[in-house]
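First comes the structure, then the notes that go with it.
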Amino acid sequence: QVQLVESGGGLVQPGGSLRLSCAASGSIFRIRDMGWYRQAPGKQRELVANITRGGNTDYSDSVKGRFTISRDNAKNTAYLQMNSLKPEDTAVYYCYAKVLLTNYWGQGTQVTVSS
């Protein structure tokens with residue numbers, strides 16, 4: 001089992017920045033990929049960013065160039081640095097950790113971009 005605790009969401013003005021954290025505990029040695037999905041009201045869940053254990057990253061086109069995912073394997077924590085935030089980035093962000101074919105999920109954190 002893997003437990004994930006997210007932090008770092010909040011309210012920010014357009015153009016601002018936030019950093020999300022996702023701390024893993026439990027069977028951490030089994031974790032391969034980590035990342036974030038987001039879901040806005042009335043919209044489909046969207047994969048935002050993924051990072052492998054080796055540090056390879058992938059981003060959705062909507063955040064490429066603005067968001068940066070990173071990972072500290074020593075601290076068992078992944079980070080999502082979000083810059084140049086837009087109102088359309090408003091959503092609940094869920095971190096995940098992939099173990100074989102199973103995704104474990106964080107509790108979700110609200111990100112609201114509004115003036």
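For the range 28-67, what class follows from the C-alpha gyration tensor (a ≥ b ≥ c being the square roots of its eigenvalues): rounded when a/c is under 1.5, otherwise prolate if a/b is larger than b/c, else oblate? Mind dumping the intermediate values first?
Details: a/c = 3.94, a/b = 1.59, b/c = 2.47.
Cα axes put the range 28-67 in the oblate bin.
Which lysines have a Cα lying under 26 Å from the Cα of LYS43, excluding residues fewer than 8 positions away in the same chain? Correct list for LYS43: LYS64, LYS86, LYS98.
How large is the accessible surface per residue of the chain, computed with a 1.4 Å probe and reported in Å² as a whole number?
On the way: 6110 Å² over 115 residues.
With all protein chains present, the chain gives 53 Å² per residue.
Given a 1.4 Å probe and the protein chains as shown, THR77 ends up with an accessible area of around 10 Å². Each 10 Å bin from 0 upward holds the following percent of the Cα-Cα pairs of the range 1-44: 19, 42, 30, 10. Convex hull volume of the Cα atoms of the range 34-94, normalised per residue: 77 Å³. Can you pull the percent of the chain's accessible area that's carbon plus sulfur, 1.4 Å probe, other chains left in place? For the chain, the apolar C and S fraction of the accessible surface comes to 48 percent.
Length, then width, then depth: along the principal axes, the Cα atoms of the chain run 42, 25, 22 Å.
Sequence gap at least 6, Cα distance under 8 Å: using those rules, report the relative contact order of the chain to the nearest whole percent.
Working: 280 pairs, mean separation 42.5, N = 115.
That works out to 37 percent.
Using a simple spin-label model with pseudo-atoms 7 Å out from Cα toward Cβ, PHE29 and SER62 lie 3.9 nm apart.
The values are calculated or read from the model by the stated rules, or taken from the named source; none is laboratory data. These numbers were taken from a predicted model, which means no experiment stands behind them. Note that each Cβ is placed from the backbone with ideal geometry, even for glycine, and that neighbours are counted across all protein chains shown. With ligands, DNA and RNA removed, areas are computed over all heavy atoms of the protein, side chains included. Shrake-Rupley method; radii C 1.70, N 1.55, O 1.52, S 1.80 Å.
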